[in-house]
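The block underneath contains the structure these notes are about, expressed in structure tokens.
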Ligand SMILES: Nc1nc2c(ncn2[C@@H]2O[C@H](COP(=O)(O)OP(=O)(O)O)[C@@H](O)[C@H]2O)c(=O)[nH]1
Ligand SMILES: [Mg+2]
């Protein structure tokens, strides 16, 4: 406050004095007037003065304005004016516009003004709570200035305001609702408010994410047309970045919420080139950065790798690679895309494999890696782009033995494309290594070093590489060519800093020789190399040469530390003596220390990305700084060690190696077991599935069994009841519940059927006797021809009727035998059940016998009670139940067999019936013959005409008969005429 | 991955009762004897199956200290389920349950399912709170109850899954307004797909979902 008064006193002496009075008067009206209209007008007047007389209004009116916010909430207009006024006082936004015109030095105090007023405002934390509650007001004139005011407060004193919001109940959640506001202005300013709210506050970032911020922001971005959207998209992306950067919990949530998939359409920019507006470039840049936030090498390894996998699975990586190979993409977008692809593939085998398979759409198609490397060794390409390509190449090779092998193999004699049609990665790297552009030298050396990183096989393979120099001269090895350039480097005229070439080559050699005694031997084999190194280190050169000296010391140190004493002249001990004689131990160690003391060393050691302020700063590679850290100590120790200690160490090393091999053995074992574990896990999960299915089956079966049990119980209860019933009424016939009734019913039916059958049989007998009588008629026909004539006509009619009757009888027989069949089955079943229920109590076979059995009812009763107990026991055990069911099944099988027999016998029955019918037909035929014979006899007797007339007349006389029985008549006629 | 529903959970309770270990055991199936003190809130997620439906659980593990209480409160409203954890070897953590419950009830939506968990059941010899006491407290306050061990993984799955089942049942009963995401429930793409066409089940969309 003192400061403010000072500023006010100093700046505004004369003319503002009257304004101060006016403001004071207005403040008094706001404070004391009882009329709302009056207060509202006063606040409005203050608002209009607040921009011009920001300081005065701020000092005099703030507390009154806050009071208005507290007491006049019902009138949104006055609240709106009060918030506007407060915003004008606190915000620097308006000031800045004025500042542009005014002198620069006035910016400082006005910025401080905003902070000072903010400090006053938040001295009462309730003021923030009050503001938060006002934001729930839907009225545009309240909510909008409220949002802007809070944003301003956050911009001035972020941490303090954040803390107040964090502890006010639901504070953050309420602010999240702004994103759902249908009025775009408020939604957009809401995004800005959330940006300020989430800045560097992990706790708030998490709450905002919890409140579905990702979903909402991604929706807005989609609605606005992704990268083609306006500044809102940019603001949303900045907010997303706030929420995700360095916030592992939110990153995990983002990945688990499947939001990575929603990023893919951002990069569907297509080749049609709808133009690259500045906004689109900005948006796309932020989008790429957001991808990088999720896969940053500084994230926990597990987090990054799961995001990398998700990015491949949803096609995001593929989409990025399309941009990589597209034409017309602005250089900075292309550069950032390369950096993004780099981090999406880094250390992730699947993604690296995919990247290796990407081809540029050129003719013939070239691998993307080759196309990119061409840019790296092309000095006309922008520096940042070349760095990006190097990063991409490094990321491709990081923890990628397969990729390393493929790159090195393009240099080996056996695989070099003899036709020379297509450029290989190896050719480009060699070209870069020995070009006249020092940046290309450095990049190619570092790139090649990454192909050897932690890969002993490739270090040895690379020793095989031979280079053709000038025509006529023998080929020289790649290793030798590197050292040649090192020692003769000064003679070649190069673009750029000479130091970069040498530093690059030395880093390559150090990487190559470390952990590779064979390479060390190769290096030492050239007798020029060691003197060159000792010469470099020993010389007293200028400051700029110190780094090279340090690197030479490191290389010499490596040749000692990784020396397997296979060369007589350059055994460990000899080299150490050489150092002592030519350089001096202390001097050597001091020179070695130059490396890590270099200005640019620590910057490179922080992040894997080659990120240099300028091309001159391109000195250290990140992986190389790791190597230095690892070797500096051990080499220093090795130099100081005596011969005895060396021997000891040798032994220790040997045992260590043994240990190592044991460890590798176990590692392999663990890997195998891991695989097995994985398999077993899968098996378990499938078994779990099966188990679940089986369990449901079991529960189903259990419920079925329960049902059976229930039925069983029900029957048992019925049985019990009936036992009682029987006890009191001496009615033995009902002891088996429903069965006796059914059995008796069945019995009745069987009786009925039997009588039916008997009836049929008697009918058949009648027919037989009829035939018999016909026969006798025939024999007497000779004596009484007249009567036999009539009889024969009657006969033929009767035969027809007989035939029909026989037919119906036959079908009746059939259906009845079927019925019998069914009934017998039923009966059998029921009998079975009855048996199961009562073994000791005999099922009353015949209702007539029941009466006789009433005497031993009591005996049976007790037997039944015992039976009851038995049944109870049975119910208790499920397995017994099952066996009972099985038994039932068996007995039903036997029933089926019985029924089969029954059926067979019925079939026989039917056969018999048929036979009977046939016999009848034969009889009928006989009868016919006889009738014919009679006819003949009649003719012979001398009544041929009469016979015919008389035969025809009765038939023709009856018209009805004639029509209905036409066929029969014809048959009969035919028969007769025969 | 496609899911039918998404539920948001929070884990609350005094510091040191094993909240973070429970989450780790549930999401990663491992136990970390020395666990960092949770600062603020940490996130974890896992897919489970209920009634043949894939359900995604998003879980926020909170810090138990008093100083983080106001931060924790911000998570109540948007959660569908809460695991309220105490340590059976420390009676004070049991005594504080009432305070936790009041806080939860005050700031959450009324339908939030609360599961009471007595953790560290593997430390039987050091038990200070009887299982019956936990049961009684749960009965009295209408909570589901379980004793768990984040160390041996005993009942850990069950605790998370039973809470989900309870929420799922509430959805089936129509108690939860599933269209209001503020309740901590979201309908997933899988659900929408199966609703739209019945044949969607055989479609390739779900092929990646796997069976378990
Ligand atoms: N024996 C045992 N120790 C546990 C169990 N759960 C957690 N702990 C230990 O309790 C301590 C606190 O666990 P932590 O998860 O960090 O508690 P938080 O503060 O509630 O998140 C750690 O040392 C754990 O190892 C359990 O179930 N059994
Ligand atoms: Mg914790």
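The values are calculated or read from the model by the stated rules, or taken from the named source; none is laboratory data. Keep in mind that this is a model prediction, so the values were computed, not measured. Methodologically, a virtual Cβ is constructed for each residue, glycine included, from the backbone with ideal geometry; neighbour enumeration extends over all protein chains shown.
Residue A:473 - would you say it is farther than 22 Å from residue A:520 by Cα and either at pLDDT 95 or above or surrounded by fewer than 18 Cβ atoms within 10 Å (Cβ to Cβ) (or both)? Can you show your working first?
Values: farther than 22 Å from residue A:520 by Cα: yes; either at pLDDT 95 or above or surrounded by fewer than 18 Cβ atoms within 10 Å (Cβ to Cβ) (or both): yes.
So residue A:473 fits the description; yes.
Taken across segment A:659-673, residues that are in a helix (DSSP H, G or I), touching a residue at least 12 places away in the same chain (Cβ under 8 Å) and more than 14 Å from chain B (Cβ to nearest Cβ) do not occur at all.
Going by the structure shown, is residue B:61 at negative phi, within 14 Å of another protein chain (Cβ to nearest Cβ) and touching a strand residue (DSSP E or B) at 6+ places or on another chain (Cβ under 8 Å)? Step through it out loud before you land on a result.
Numbers: at negative phi: yes; within 14 Å of another protein chain (Cβ to nearest Cβ): yes; touching a strand residue (DSSP E or B) at 6+ places or on another chain (Cβ under 8 Å): yes.
Taking the combined requirement at face value, the residue satisfies it.
Among the criteria (1) within 11 Å of chain A (Cβ to nearest Cβ); (2) crowded, with 17+ Cβ neighbours inside 10 Å; (3) within 16 Å of ligand 2 (Cβ to nearest atom), the one residue B:69 does not fulfil is (2).
All of B:11, B:55 fail the test of being more than 13 Å from chain A (Cβ to nearest Cβ), near ligand 2 (Cβ under 10 Å from one of its atoms) and under 17 Å from the mean Cα position of the chain (by Cα), apart from B:11. Condition first: under 25 Å from residue B:74 (Cβ atoms) and either under 22 Å from the mean Cα position of the chain (by Cα) or within 14 Å of chain B (Cβ to nearest Cβ) (or both). Can you find one or more residues in segment A:238-245 that meet it? Within segment A:238-245, one or more residues are under 25 Å from residue B:74 (Cβ atoms) and either under 22 Å from the mean Cα position of the chain (by Cα) or within 14 Å of chain B (Cβ to nearest Cβ) (or both).
Residue check: residue B:35 meets all listed conditions (1) outside any loop (DSSP other than H, G, I, E, B); (2) within 8 Å of ligand 1 (Cβ to nearest atom) but one, namely (1).
Check residue B:4 against each of (1) away from ligand 2 (no atom under 16 Å from the Cβ); (2) at pLDDT 95 or above; (3) buried (at least 17 other Cβ atoms within 10 Å of the Cβ) and name the one condition it does not meet. The number of the failed condition is (2). Report yes if residue A:694 is within 44 Å of the chain's Cα centre (by Cα) and under 21 Å from residue B:53 (Cα atoms), otherwise no. Answer is yes for this residue.
Can you tell me which residue among A:611, A:565 is without any contact (Cβ under 8 Å) to a residue 12 or more places away in the chain, in a loop (DSSP other than H, G, I, E, B) and surrounded by 13 or more Cβ atoms within 10 Å (Cβ to Cβ)? Outline the logic, then answer.
On the way: A:611 fails: without any contact (Cβ under 8 Å) to a residue 12 or more places away in the chain.
It is A:565.
Evaluating residue A:627 against the criteria (1) more than 44 Å from the chain's Cα centre (by Cα); (2) surrounded by 12 or more Cβ atoms within 10 Å (Cβ to Cβ) leaves one unmet condition, (1).
Yes or no: residue B:41 closer than 27 Å to residue B:95 by Cβ, away from chain A (no Cβ under 14 Å) and more than 8 Å from ligand 2 (Cβ to nearest atom)? Judged against the criteria, residue B:41 is not a match. When B:138, B:82 are checked against the criterion of being within 14 Å of another protein chain (Cβ to nearest Cβ) and buried (at least 20 other Cβ atoms within 10 Å of the Cβ), a single residue qualifies: B:82. Within segment B:56-107, the set of residues being within 22 Å of residue B:139 (Cβ to Cβ), more than 16 Å from ligand 1 (Cβ to nearest atom) and part of a strand (DSSP E or B) comprises just one member, B:81.
Scan segment B:112-128 for residues that are away from ligand 1 (no atom under 14 Å from the Cβ), in contact (Cβ under 8 Å) with a residue 40 or more places away in the chain and in contact with a helix residue (DSSP H, G or I) (Cβ under 6 Å, 6 or more places away or on another chain) and jot them down. Hits for segment B:112-128 are B:113, B:115. Only one of the numbered conditions (1) more than 9 Å from chain A (Cβ to nearest Cβ); (2) within 16 Å of ligand 1 (Cβ to nearest atom); (3) in contact (Cβ under 8 Å) with a residue 24 or more places away in the chain is violated by residue B:28, and that is (3).
Suppose we filter segment B:18-30 for residues that are more than 10 Å from ligand 2 (Cβ to nearest atom) and more than 23 Å from residue A:255 (Cα to Cα); how many remain? Selection size over segment B:18-30: 0. Of everything listed in (1) closer than 23 Å to residue B:102 by Cα; (2) part of a helix (DSSP H, G or I); (3) touching a helix residue (DSSP H, G or I) at 6+ places or on another chain (Cβ under 8 Å); (4) within 13 Å of ligand 1 (Cβ to nearest atom), the single unmet condition for residue B:20 is (3). Any residue in segment A:571-578 that is surrounded by fewer than 16 Cβ atoms within 10 Å (Cβ to Cβ), closer than 19 Å to residue A:646 by Cα, at pLDDT below 95 and in contact with a helix residue (DSSP H, G or I) (Cβ under 7 Å, 6 or more places away or on another chain)? Within segment A:571-578 (the criterion being surrounded by fewer than 16 Cβ atoms within 10 Å (Cβ to Cβ), closer than 19 Å to residue A:646 by Cα, at pLDDT below 95 and in contact with a helix residue (DSSP H, G or I) (Cβ under 7 Å, 6 or more places away or on another chain)), the answer is yes, since at least one residue qualifies. Among the residues making up segment A:367-417, those that are part of a loop (DSSP other than H, G, I, E, B), over 35 Å from the mean Cα position of the chain (by Cα) and surrounded by 23 or more Cβ atoms within 10 Å (Cβ to Cβ) are A:377, A:411. In this entry, residue B:46 is excluded by the filter for residues that are farther than 23 Å from residue B:175 by Cα, more than 12 Å from ligand 1 (Cβ to nearest atom) and out of contact with any helix residue (DSSP H, G or I) (no Cβ under 7 Å at 6 or more places or on another chain). Listed here are the helices (runs of 4 or more DSSP H) enclosed by segment A:242-330 that have at least 2 residues being in contact with a strand residue (DSSP E or B) (Cβ under 7 Å, 6 or more places away or on another chain) and under 20 Å from residue A:219 (Cα atoms): A:248-256.
Within segment B:141-150, being over 11 Å from residue B:118 (Cα atoms) and either crowded, with 18+ Cβ neighbours inside 10 Å or out of contact with any strand residue (DSSP E or B) (no Cβ under 9 Å at 6 or more places or on another chain) (or both) holds for one residue alone: B:143.
In summary, helices (runs of 4 or more DSSP H) completely within segment A:108-209 and bearing 1 or more residues that are away from chain B (no Cβ under 14 Å) and either at negative phi or modelled with pLDDT of 95 or more (or both) occur at A:125-134, A:140-156, A:158-167, A:184-198.
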